[in-house]
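Chemist: Pasting a structure below so you can have a look.
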Amino acid sequence: MKSLILGRYFPNDSIIHRLDARAKLVAALYFIGLLFFIDHGLGYLFVGLFTLGVMYLTKIRLSVFIKGVRPLIFLILFAAMMRVLFTGGGEVFVSWGPFTISSQGLWVGLFTFMRFILIIFISTVLTLSTKPVDLTDAINALLKPLRKLGVPVDDFALMLSISLRFIPNLLDETQRVMDAQRARGVIFGEGTIVEQMKKLVPIVLPLFASSLNRAEEMADVMDVKNYQSGEKRTHFRQLTWHTSDSIALLMMVGLTAVVIVVNYTMV
Amino acid sequence: MTDQPLLSVCDISFRYDITQDVYALSAISFDLNRGESLAVIGDNGSGKSTLARLLTGLLSPEKGAIYLDGVELNEGSKKMLRRQMGIVFQNPDNQFIATSVEDDVAFGLENLNIPYEQMRSRVDEALELVDMYEYRTKDPSQLSGGQKQRVALAGVLALKPELMIFDEAFVMLDPMSRRSILETLRRIQSELNVSIISITHDRDEIEFFDSLLVLNQGERVMRGKPAEVFKQMSSLKPPFAEQLRRDLVDAGMDLPDYYMSESELVDTLCK
Ligand SMILES: Nc1ncnc2c1ncn2[C@@H]1O[C@H](COP(=O)(O)OP(=O)(O)OP(=O)(O)O)[C@@H](O)[C@H]1O
Ligand SMILES: [Mg+2]
């Protein structure tokens with residue numbers, strides 16, 4: 001669990017941390033979309049440097065980001081290899097049955113590789129620098145227009161924030177149940193796969209039961225505290241938009257302009 | 001209509017399993033005036049939590065009725081009546097809805113559609129009262145059991161309800177803070193004319209309350225001022241001060257033969 005970086009929050013005090021969650025979410029999504037329109041090495045160089053700059057501004061060590069990529073590296077390399085082998089054009093270096101390695105293919109493979117890495121980096125920046133609740137609020141704010149269509153956006157956001165709040169509880173509880181089993185002589189991490197799976201059953205069942213019980217009690221509390229689905233309610237957590245947030249979005253516009261210029265002039 | 005009790009419980013009975021003849025509560029009646037505080041005591045399984053769940057409309061009585069401010073509590077009136085009450089349940093872990101202390105205290109206020117500025121001041125005020133203001137940005141996994149209970153308490157205080165119900169809500173507090181919170185509650189009770197029902201096992205907590213309701217296996221055993229109850233029920237373990245008085249009388253000291261609260265006893269002894 002400890003090695004999973006993507007989706008974690010790293011408390012820190014940086015310009016990126018202080019940006020509004022809505023601005024960060026929109027900018028990150030936009031940036032990822034933009035990556036798919038770049039078809040020139042220079043364009044990738046440019047957005048790559050931009051990403052490195054943003055990562056630097058979070059004041060989080062580079063090694064943390066690298067750790068985020070590590071579990072996915074084989075998948076990425078595989079995808080890039082596929083693109084290399086199945087793309088023809090340009091100067092052909094090796095040709096073997098349906099596979100070719102060509103100059104065009106090498107470029108496309110490199111682009112694919114870059115695209116994946118940058119997507120992971122930028123989403124890691126987003127989650128490392130934004131509290132999960134803030135992210136939930138941002139999603140809530142951005143989906144607001146859907147409320148007019150009768151989509152229960154608020155319920156969805158609350159559900160998300162409650163789930164996030166329960167992850168540590170669930171981990172604690174797993175630990176407790178495992179300790180209780182250990183105290184009764186169960187040894188985890190030994191035996192065949194089937195044996196190990198069997199040992200998980202007495203962990204999962206109590207967890208399931210206690211979660212259901214918990215959910216029921218929480219529903220009661222929400223009920224007594226007058227939570228009503230679809231009812232108008234105020235929000236204690238306020239997102240505040242600063243000039244820096246507008247600047248962040250303007251930078252996305254600037255980046256788009258650069259990508260367009262590079263795409264059309266450097267053919 | 002000023003002498004009408006705030007809460008009126010009329011002959012309610014309840015059982016969890018209607019196929020069986022085991023009642024969690026049977027034929028309970030009592031009134032509670034505005035600004036009055038009531039402690040509910042009884043052994044484990046005597047139906048105290050069940051009573052709290054009935055009062056908040058989470059369960060409905062099989063027989064009898066509950067009136068708050070003259071309005072019968074039922075499916076239709078439940079929502080409106082709940083605006084007038086706040087409850088702290090027994091388990092502090094499962095009462096934490098939001099991701100941080102202050103958000104959790106604000107949760108009930110958000111649902112009442114209260115504007116931000118007002119929420120801010122009420123949340124801060126409530127957190128100050130339970131001494132949790134410094135912890136306002138912490139998340140529940142960073143809090144101890146007693147701290148979570150304080151947060152739940154603040155959640156109710158911020159609502160400023162007319163009726164507060166506490167189901168063993170102070171058990172995890174250390175004795176000093178328990179005293180200070182009970183004193184705060186008593187102050188709020190008289191200042192804002194709030195009614196309080198507190199379910200408790202702590203005999204020493206009792207002297208903070210105007211009257212006492214004793215339950216046993218779902219039945220009402222007694223209702224009265226602590227003095228009366230402890231005089232009539234010699235089997236009931238009394239609070240420390242009363243126990244001390246009885247022991248002193250047994251040891252031959254010349255003390256009046258009636259129930260005394262701690263401060264009364266101290267005054268008498270110091271004379
Ligand atoms: N959800 C439930 N389903 C079935 N029976 C229940 C349920 N909750 C409580 N009971 C039963 O109802 C009776 C009263 O329970 P209740 O929780 O009201 O007791 P209590 O006075 O609050 O006890 P404690 O001091 O332990 O909190 C008990 O006999 C209990 O077994
Ligand atoms: Mg109980």
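The values are calculated or read from the model by the stated rules, or taken from the named source; none is laboratory data. Bear in mind the structure is a predicted one, so any value in this text is a computation, not a measurement. No Cβ is skipped: glycine too gets one built from the backbone with ideal geometry, and neighbour counts run over all protein chains shown. When the accessible area is computed, the model is the full protein with side chains, heavy atoms only, and any ligands, DNA or RNA have been set aside. Shrake-Rupley method; radii C 1.70, N 1.55, O 1.52, S 1.80 Å.
Chemist: Could you run through the range B:166-209 and say how many residues are under 11 Å from B:Ser37 (Cβ atoms) and at pLDDT 90 or above?
Modeler: The total comes to 13.
Chemist: Answer yes or no: is there a residue in the range B:47-69 that is open to solvent by 60 Å² or more (accessible area, probe 1.4 Å), under 30 Å from A:Leu164 (Cβ atoms) and away from ligand 1 (no atom under 12 Å from the Cβ).
Modeler: Kept after step one, since they are open to solvent by 60 Å² or more (accessible area, probe 1.4 Å), are these residues of the range B:47-69: B:53, B:60, B:62-63, B:67.
Filter once more, so that each one left must be under 30 Å from A:Leu164 (Cβ atoms): B:53.
From what's left, away from ligand 1 (no atom under 12 Å from the Cβ): none.
No: the range B:47-69 contains no residue that is open to solvent by 60 Å² or more (accessible area, probe 1.4 Å), under 30 Å from A:Leu164 (Cβ atoms) and away from ligand 1 (no atom under 12 Å from the Cβ).
Chemist: Of the conditions (1) touching an Asp or Glu at 6+ places or on another chain (Cβ under 9 Å); (2) closer than 30 Å to A:Leu49 by Cα, A:Met252 fails just one. Which one is it?
Modeler: (1)
Chemist: Here are some residues: A:Leu205, A:Leu212. Which one is within 14 Å of chain B (Cβ to nearest Cβ) and either at negative phi or assigned to a helix (DSSP H, G or I) (or both)? Give the derivation first.
Modeler: On the way: A:Leu205 fails: within 14 Å of chain B (Cβ to nearest Cβ).
Result of the check over A:Leu205, A:Leu212: A:Leu212.
Chemist: Using the structure shown, decide if B:Arg82 is surrounded by fewer than 20 Cβ atoms within 10 Å (Cβ to Cβ), away from ligand 1 (no atom under 15 Å from the Cβ) and among the basic types (Lys, Arg). Give the derivation first.
Modeler: Details: surrounded by fewer than 20 Cβ atoms within 10 Å (Cβ to Cβ): no; away from ligand 1 (no atom under 15 Å from the Cβ): yes; among the basic types (Lys, Arg): yes.
In short, no.
Chemist: Can you list the strands (runs of 3 or more DSSP E) lying wholly within the range B:193-235 that have 3 or more residues being more than 27 Å from B:Leu157 (Cβ to Cβ) and assigned by the TED database to the domain that holds B:Ile87? Don't jump to the end; show me each part of the working.
Modeler: Numbers: elements: B:195-199, B:211-216, B:219-224.
Output list reads B:219-224.
Chemist: Another one. So which of A:Leu143, A:Leu164 is aliphatic (A, V, I, L, M) and within 14 Å of chain B (Cβ to nearest Cβ)? Even if it seems obvious, please write down each step before you answer.
Modeler: Values: A:Leu143 fails: within 14 Å of chain B (Cβ to nearest Cβ).
Exactly one of A:Leu143, A:Leu164 is aliphatic (A, V, I, L, M) and within 14 Å of chain B (Cβ to nearest Cβ), namely A:Leu164.
Chemist: Also: Working carefully through the options B:Ile12, B:Ile41, B:Ile28, find the one that is assigned by the TED database to the domain that holds B:Asp202, open to solvent by less than 20 Å² (accessible area, probe 1.4 Å) and in contact with a Lys or Arg (Cβ under 9 Å, 6 or more places away or on another chain).
Modeler: Working: B:Ile12 fails: assigned by the TED database to the domain that holds B:Asp202; B:Ile28 fails: assigned by the TED database to the domain that holds B:Asp202.
Selected residue: B:Ile41, the only one of B:Ile12, B:Ile41, B:Ile28 that is assigned by the TED database to the domain that holds B:Asp202, open to solvent by less than 20 Å² (accessible area, probe 1.4 Å) and in contact with a Lys or Arg (Cβ under 9 Å, 6 or more places away or on another chain).
Chemist: Continuing with this model, one more query. Hey, can you tell me all the residues within the range B:44-94 that are within 11 Å of another protein chain (Cβ to nearest Cβ), within 16 Å of ligand 2 (Cβ to nearest atom) and in contact with a strand residue (DSSP E or B) (Cβ under 7 Å, 6 or more places away or on another chain)?
Modeler: Once the filter is applied, which keeps residues that are within 11 Å of another protein chain (Cβ to nearest Cβ), within 16 Å of ligand 2 (Cβ to nearest atom) and in contact with a strand residue (DSSP E or B) (Cβ under 7 Å, 6 or more places away or on another chain), the range B:44-94 yields B:Ala52, B:Leu55, B:Thr56, B:Leu59, B:Ile87, B:Val88, B:Phe89, B:Gln90.
Chemist: Please determine, by comparing only the residues of the range B:116-144 that are within 21 Å of A:Lys131 (Cα to Cα) and in a loop (DSSP other than H, G, I, E, B), which one is nearest to the other protein chains (Cβ to nearest Cβ).
Modeler: B:Asp139
Chemist: What residue, of B:Ser100, B:Ser26, B:Ser13, B:Ser77, is over 27 Å from A:Arg214 (Cβ atoms) and more than 21 Å from the chain's Cα centre (by Cα)?
Modeler: B:Ser77
Chemist: Considering only the range B:137-189, state which residues are more than 16 Å from ligand 1 (Cβ to nearest atom) and touching a Lys or Arg at 6+ places or on another chain (Cβ under 6 Å).
Modeler: B:Ala158
Chemist: Now a separate question. Kindly evaluate B:Val22 against the criterion of being part of a loop (DSSP other than H, G, I, E, B), more than 14 Å from every other protein chain (Cβ to nearest Cβ) and of a type in the set (Val, Ile, Thr).
Modeler: On the way: part of a loop (DSSP other than H, G, I, E, B): yes; more than 14 Å from every other protein chain (Cβ to nearest Cβ): yes; of a type in the set (Val, Ile, Thr): yes.
For B:Val22, the condition - part of a loop (DSSP other than H, G, I, E, B), more than 14 Å from every other protein chain (Cβ to nearest Cβ) and of a type in the set (Val, Ile, Thr) - is met.
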